[in-house]
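The values are calculated or read from the model by the stated rules, or taken from the named source; none is laboratory data. These numbers were taken from a predicted model, which means no experiment stands behind them. Don't worry about glycine lacking a Cβ; one is built from the backbone with ideal geometry, like all the others, and counts go over all protein chains shown. The accessibility values were calculated without ligands, DNA or RNA, using every heavy atom of the protein model including side chains. Shrake-Rupley method; radii C 1.70, N 1.55, O 1.52, S 1.80 Å.
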Amino acid sequence: MTDRASPRISTRKQPKQSRSNELVAAILQAAVQVLAQEGAQRFTTARVAERAGVSVGSLYQYFPNKAAILFRLQSDEWRQTSDLLGDILTDRSRPPLERLRSLVQAFIRSECEEAAVRVALSDAAPLYRDAPEAQDARAADDTVIEAFMSELLPDASAAVRATAGDLVMTTMTTVGKEFSAEPKTDAEIAAYANAMSDMFCAYIRCLRSDISATAG
C-alpha cells in the first residue's frame, strides 16, 4: 500500500515587484474574508478570486490550489503566534511566571479576536497538515519554549520540563480554541485568562516544590 501524496502547498513563485505584492496581498485578504464568511467547506479558489477582483489564472500564478492559500494563511497565523511567544517569553527583564501570565492573557485575547478564521483554518487542516512544510512550521517554536521552560524549572529534568511545556502549550491552545468559539466580552476574556494563568502558575509552583523535596 502506497502513501497518498501530500498536496502541493508551496507558492508557485514569490512576488518581487510591488504590483505583484499588492496582488498577493489582495488574494490573501479576500481569502480571509471568504474563509470567515463561508467556512472551510465552501472555500474555493474561484470564490477567493472573485472576492479579490482577479482572474483565477492570476491567482494560480502564486497559489497552485486552495490548500496553498489556506497553508499561507495558517503560516501567517503561526508566525504571529511565534512572534508573540518570542516577544514575551524571551523578555528576561521580567520574572518567568509573570511572563507566563502575560503569554496566556495575550494568547487568549488573540484567539478571541480572530476566532472565525482560526476555527475555519483548523477545519481545513486536513488539506495540508501532513505536508513537510506544515511539519516544519509546527516545530519552529520548540527552541523558544524549551529555553523558557529551562528558565522556569532550572532544577527539573529535561523530561519534566518537556512534559510541563507540552501541557501548558497544549492546554492553552486547545482550551483557547474552545473558549473563543463564541463571542466574549473583554471582561470575560480577562477573567478566563487570569484563571488559566493562576492554574498554570500553581502547577509550576507545585513542580518546583516537588523537585526541591526530592532534592532535599
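I'd like the residue in region 17-43 that is within 12 Å of Leu59 (Cα to Cα) and in contact with a helix residue (DSSP H, G or I) (Cβ under 6 Å, 6 or more places away or on another chain) and, out of all such residues, is most open to solvent (accessible area, probe 1.4 Å).
That would be Ala26.
So which of Gln105, Gln80 ends up being surrounded by fewer than 17 Cβ atoms within 10 Å (Cβ to Cβ) and under 20 Å from Phe148 (Cβ atoms)?
Gln80
Let's see how each residue does on (1) closer than 30 Å to Ala147 by Cβ; (2) without any contact (Cβ under 8 Å) to a residue 40 or more places away in the chain; (3) among the acidic types (Asp, Glu):
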residue: Leu23; (1), (2), (3): no, yes, no
residue: Ala36; (1), (2), (3): no, no, no
residue: Arg42; (1), (2), (3): no, yes, no
residue: Ala46; (1), (2), (3): no, yes, no
residue: Ser58; (1), (2), (3): no, yes, no
residue: Thr90; (1), (2), (3): yes, no, no
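Can you find a residue that is at pLDDT below 95, part of a helix (DSSP H, G or I) and either under 21 Å from Phe71 (Cβ atoms) or hydroxyl-bearing (Ser, Thr, Tyr) (or both) anywhere in region 179-193?
Scanning region 179-193 turns up no residue that is at pLDDT below 95, part of a helix (DSSP H, G or I) and either under 21 Å from Phe71 (Cβ atoms) or hydroxyl-bearing (Ser, Thr, Tyr) (or both).
Being at pLDDT below 95 and under 28 Å from Ala195 (Cβ atoms), is that true of even one residue in region 58-76?
no
I need a count of the residues in region 142-181 that are open to solvent by 70 Å² or more (accessible area, probe 1.4 Å) and touching a Pro at 6+ places or on another chain (Cβ under 6 Å).
Residues meeting the conditions: 0.
Tally time: how many residues in region 193-216 are open to solvent by less than 70 Å² (accessible area, probe 1.4 Å), of a type in the set (A, V, I, L, M) and within 20 Å of Glu98 (Cβ to Cβ)?
The qualifying residues number 6.
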